[in-house]
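The values are calculated or read from the model by the stated rules, or taken from the named source; none is laboratory data. As the structure is a computational prediction, the values presented were derived from the model and not from experiment. Note that we place each Cβ from the backbone using ideal geometry, even for glycine, and neighbour counts take in every protein chain shown.
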Amino acid sequence: MNNETKKRTVRLFGSIGNDIDGSRFANDLAELDGKVDQIDLHINSPGGSVDQGYSIVSVMLSMKSNVDVYIVGIAASMAAVIAVCGNRVKMYDYSKLMIHDPYFEGTAYEKLTDKQKKSLDNITDSLRTILSRRGKTKEEIAMLMREETWFSAQEAKAAGLIDEVISTKRKNEFSGLSSDDIYSRISAEYPFNKSKNNNMDLLTELASLLGLNNPTEEEIIQAVKKLIDGQPSEGVEEKLGSALRRGIINQDSYADLLEMGNKTPDSLNIYLSKLEKEYESKLNEKVDNYFKEIRSKLYYVNYKDKEELKILAKNNFDLFVRLTNILPDRKPLSEEIKDTEKSGKNSSVWTLDDYRKYAPEELKKNPQLYERLINKEIK
């Protein structure tokens with residue numbers, strides 16, 4: 001709260017009765033009455049409980065302090081009724097307002113008891129009276145409510161339901177979005193808002209920290225974004241350092257990518273992801289081709305071990321090449337056996353070491369042979 005102007009900003013964000021305790025919200029408003037000169041009530045709500053909404057309406061219509069309403073997202077159903085109770089009602093140019101007849105959840109009007117019908121008719125008449133306080137006749141409001149009418153900011157002003165349309169830089173951004181999307185987008189931009197707590201000082205305290213004097217919520221958002229843009233994003237340097245070491249980027253592009261990461265980290269992540277996929281594809285091809293070249297060195301390496309070796313090669317290809325260069329070329333087992341036999345050493349007189357060297361698979365397939373050779377060596 002600004003002590004000089006005695007102005008307070010209050011947010012009604014969320015569903016009345018679920019996210020917002022209407023009775024508590026009304027009590028909080030009543031506590032402010034007379035203590036401040038001006039209350040700006042910002043609304044982004046799909047409506048909710050009529051009974052709890054009436055508590056808020058009752059307090060607003062009896063307050064001495066001036067209450068101006070700003071529809072910053074959606075004001076639908078009971079939230080629209082609350083909105084028109086402000087001294088002046090203003091809508092952001094992308095916002096939407098909706099009015100409709102009340103109903104009992106899950107029960108058609110025809111199936112209501114006579115007592116329920118009478119109660120619902122009285123509520124409907126009361127809501128029409130409140131909504132017609134800004135210029136429309138009750139008959140005109142009744143027709144609009146029966147048809148469940150949605151208004152853009154311009155349409156709401158033309159219908160006399162609001163006083164002013166506030167131009168923003170976000171009209172094109174929200175153009176074409178559904179009411180649910182607008183509601184969700186605006187709600188997501190205020191993560192510090194906890195409707196059930198009804199903490200009305202959060203925006204005021206944030207404005208004070210930012211050095212702003214009586215700003216709108218949009219001005220606070222822009223100030224926070226500007227502050228964030230000026231700070232290095234956490235993890236950007238680590239990501240770029242890793243990409244540089246792996247060869248995904250080069251030193252010439254490092255400075256430009258660092259600036260991108262600090263300003264728009266999401267864009268950097270997308271770009272690095274694209275570069276990494278291209279790098280991985282080229283590296284896989286490079287490793288596969290090299291393994292074909294050194295096939296003669298890996299005749300007796302099984303499939304699982306080859307896959308492990310490929311992982312090593314991908315982690316440090318140059319080092320892997322240097323290591324494999326010192327390995328001798330090996331011949332297929334059949335050729336090595338032939339060469340041995342040609343040299344005069346028949347397999348019938350092979351030792352255990354001979355089999356390990358020339359025919360290890362034979363040892364695996366023939367445990368009796370392995371046992372015989374072991375016993376022979378022991379003797």
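Per-structure values
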quantity: Residues satisfying the stated conditions in the range 80-111, i.e. free of Cβ contacts under 8 Å to residues at least 40 places away in the same chain and either touching a Ser or Thr at 6+ places or on another chain (Cβ under 7 Å) or small (G, A, S) (or both); calculated: G106, A108
quantity: Of residues in the range 23-50 being part of a strand (DSSP E or B) and of a type outside the set (S, T, N, Q), the one nearest to H100 (Cα to Cα); calculated: G48
quantity: Residue in the range 101-124 that is closer than 26 Å to R170 by Cβ and assigned to a helix (DSSP H, G or I) present; calculated: no
quantity: Scan of the range 151-174 for residues that are over 28 Å from the mean Cα position of the chain (by Cα) and of a type in the set (F, W, Y), ordered by number; calculated: F151
quantity: All positions within the range 175-200 that are at pLDDT 50 or above and more than 17 Å from A76 (Cα to Cα); calculated: S175, G176, A188, E189, Y190, P191
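Per-residue answers, yes or no, for (1) of a type outside the set (G, A, S); (2) exposed (fewer than 13 other Cβ atoms within 10 Å of the Cβ); (3) outside the structural domain of Y94 (by TED's automatic domain parsing):
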{"position": "T113", "(1), (2), (3)": "yes, yes, yes"}
{"position": "R128", "(1), (2), (3)": "yes, no, yes"}
{"position": "L131", "(1), (2), (3)": "yes, no, yes"}
{"position": "R134", "(1), (2), (3)": "yes, no, yes"}
{"position": "E155", "(1), (2), (3)": "yes, no, no"}
{"position": "A159", "(1), (2), (3)": "no, no, no"}
{"position": "I166", "(1), (2), (3)": "yes, no, no"}
{"position": "D180", "(1), (2), (3)": "yes, yes, no"}
